[in-house]
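Okay, structure first, notes after.
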Amino acid sequence: MTKNPYQPVNGEIVDIIDESPTIKTFVVVPEEDFKFETGQFVELTLPGEGEAPFTPSSSPADSEKMEITIMEAGRVTALLHRCSKGQKVGIRGPFGSGYPIDDFVGKQIYIVGGGVGLAPIRSLFLTLVDRIKDFKSVVCRFGAKTPDDFIYKNTLFGPWQKIKGVDIKLTVDEATPAKAGASWDGNVGVVTTILAPGDVNIKNAVAVVCGPPIMMKFATLKLLEFGFPAENIYLSMEKNMSCGIGKCGHCMLGKYYVCKDGPVFTYEQIKGYPNIWD
């Protein structure tokens, strides 16, 4: 029998992690096996209230639980932020296409991210680290509005920096004092200020960009300026994804349905369409 794409798998929120003033990570345990590929998304259902699309932030290799990082930005996300451990939820999907990891083998992976865009990047990063010997290196350039707005602080500021084959640099738009009292002595400026053509060997590298649309736009332009071919720049395009199966048309991007054909696209695929950063 074909699986009903509209029927969620039941699950339970077993932990909630405060990441920043507006972002929380929800640890969800599905009642059934639920597999996804890094870069794919799911519809998270709050029974009786509605659902919203999110890209899991955990590794696909973790089959016992799924982590979903959510910014409070609308009605459903606000209701999720008020939930407690033990809340029953539904998970529908997975939908779309993820990152073609096998095509990245033997190359340098240049990841540019910002804000809550680090959520799908975390899933990708964990997947790459699991196979770190398959790649030349993983080079990450991440930005946030302030030091407090970085998510995954416990790993981003410590353990991830020490992984062999990984190069991470961080920047903030404003070096306001962190609430925890820690000072910021890193770069101050938007994420494009820490991008440099010498970060990777462009002839043997792919780039991944994920974050707010304005950040993605200018990061992509900077990568093109460096000489990255459009077909080697991978973008995680988040649109108004509702049905998840290309029926409702809310997420159309040119000839594509983001929910079905994406959310991961190369810049080459979508560069000719207007308003792709809206």
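See the values below:
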{"read-out": "Any hit, the stretch 2-22, residues being over 19 Å from L124 (Cβ atoms), open to solvent by less than 60 Å² (accessible area, probe 1.4 Å) and basic (K, R)", "value": "no"}
{"read-out": "Elements of type strands (runs of 3 or more DSSP E) in the stretch 131-248, at least 2 residues being open to solvent by 20 Å² or more (accessible area, probe 1.4 Å) and in contact (Cβ under 8 Å) with a residue 24 or more places away in the chain", "value": "166-172"}
{"read-out": "Lone unmet requirement of (1) in a loop (DSSP other than H, G, I, E, B); (2) surrounded by 20 or more Cβ atoms within 10 Å (Cβ to Cβ) for Q269", "value": "(1)"}
{"read-out": "Residues located in the stretch 79-105, provided they are over 18 Å from T38 (Cβ atoms) and open to solvent by 30 Å² or more (accessible area, probe 1.4 Å)", "value": "L79, R82, S84, K85, G86, Q87, K88"}
{"read-out": "Criterion violated by V116 - all others in (1) buried (at least 23 other Cβ atoms within 10 Å of the Cβ); (2) closer than 19 Å to Q161 by Cβ; (3) among the aliphatic types (A, V, I, L, M) satisfied", "value": "(2)"}
{"read-out": "Subset of the stretch 61-98 (residues that are of a type in the set (D, E) and in a strand (DSSP E or B))", "value": "E67"}
{"read-out": "Selection status of V76, closer than 20 Å to N240 by Cα, open to solvent by less than 40 Å² (accessible area, probe 1.4 Å) and without any contact (Cβ under 8 Å) to a residue 40 or more places away in the chain", "value": "yes"}
{"read-out": "Extreme residue, farthest from T25 (Cα to Cα), among residues of the stretch 109-154 that are at pLDDT 95 or above and of a type in the set (S, T, N, Q)", "value": "S137"}
{"read-out": "Selection count where residues are out of contact with any helix residue (DSSP H, G or I) (no Cβ under 8 Å at 6 or more places or on another chain) and on the phi < 0 side of the Ramachandran plot, scope the stretch 90-111", "value": "8"}
{"read-out": "Selected residue (only one of F41, F26, F54 is among the aromatic types (F, W, Y), in contact (Cβ under 8 Å) with a residue 12 or more places away in the chain and touching a Gly at 6+ places or on another chain (Cβ under 9 Å))", "value": "F41"}
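The values are calculated or read from the model by the stated rules, or taken from the named source; none is laboratory data. Nothing here was measured: the structure is a model prediction, and the numbers come from that model. In this analysis, Cβ positions are derived from the backbone assuming ideal geometry, glycine residues included, and neighbour counts consider all displayed protein chains. Ligands, DNA and RNA are excluded from the accessible area calculation, which covers all protein heavy atoms including side chains. Shrake-Rupley method; radii C 1.70, N 1.55, O 1.52, S 1.80 Å.
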